[in-house]
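This report concerns only the one structure given below.
Derivation of every value follows stated rules applied to the coordinates shown; laboratory data play no part. Quick caveat, the model's predicted, so the values are computed rather than measured. Cβ sites come from the backbone with ideal geometry, for glycine too, and all protein chains shown count toward neighbours.
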Amino acid sequence: MPALKICAAALAFAAAVGNARAEEFTVGVPIPLTGAMARSGTGMAEGIQTAAELFNKTNAKHKIKLVTVDDESNPAKAVTAVEKLALQGVVALVGRFGSNIIGPASDAANKQNLVYMTAGGVDNDLTKRGYKTFFRIDNTQGYERAVTQMFKEQGVKSVSIVHSTKEAAADLAKVVLHPFDPAITDFKPIINKIKLQDKPEVILMSAYENDYAGIAPTWR
């Protein structure tokens, strides 16, 4: 439900930046529906669609029309997706995650003077560019506080962190214990090291969703 509220707020904001006399606003959704991040992208797209439907049901004057473009989890194609949506006359863009892709995509949106609101860009460099058209709803510090509080409430005293060397995931892992290259397919050496050396109460993985599938069966 919080995710839907966030999407609804983003869509309402998109309507506000459009022509106030218009009844329908076209909002672009550049998002990964195929490729490495397809599963998360599909879930996010469904949330945005639900938010748009709720907005349309409760707003008598304005309506939101969504136009979705698959960026295939690829930075270059994410830029192309933004440019394609700009040509279709969207008033704003919403969605996307993965700082390495959000970066170039939001650069393209800024050149088009399009509002770009993302739900998953934790790299702090994204907000240091000074773009007046770029907005995000999360950051590294927010994740850190949430995880720290969760461990505190559960009384956890020892944690091993396994993190991807991709920029955003590495930034989340302030205690660097076990980095891994996202290209690896065998997590056994890392897991065995954790079990024998760290012997933690909890293992925390800071990475992208598609990496979890590789480590979860190994931990068992």
**Request:** State which entries of Lys77/Lys132; Lys63/Lys111; Lys157/Lys188; Lys57/Lys111 exceed 29 angstrom in Cα-Cα distance in the structure shown.
**Result:** Lys57/Lys111
**Asked** If you look at just the Cα atoms of the range 86-159, how large are its Rg and its Dmax in Å?
**Response** 15.8, 53
**Message:** Sort Thr80, Thr34 by Cβ crowding within 10 Å, fewest neighbours at the top.
**Reply:** Thr34, Thr80
**Request:** Please arrange Val27, Val156 by counting, for each residue, the other beta carbons lying within 10 Å of its beta carbon, fewest first.
**Result:** Val156, Val27
**Item:** Packing-based order for 144-150, 37-43, using average beta carbon neighbours within 10 Å, highest first
**Value:** 37-43, 144-150
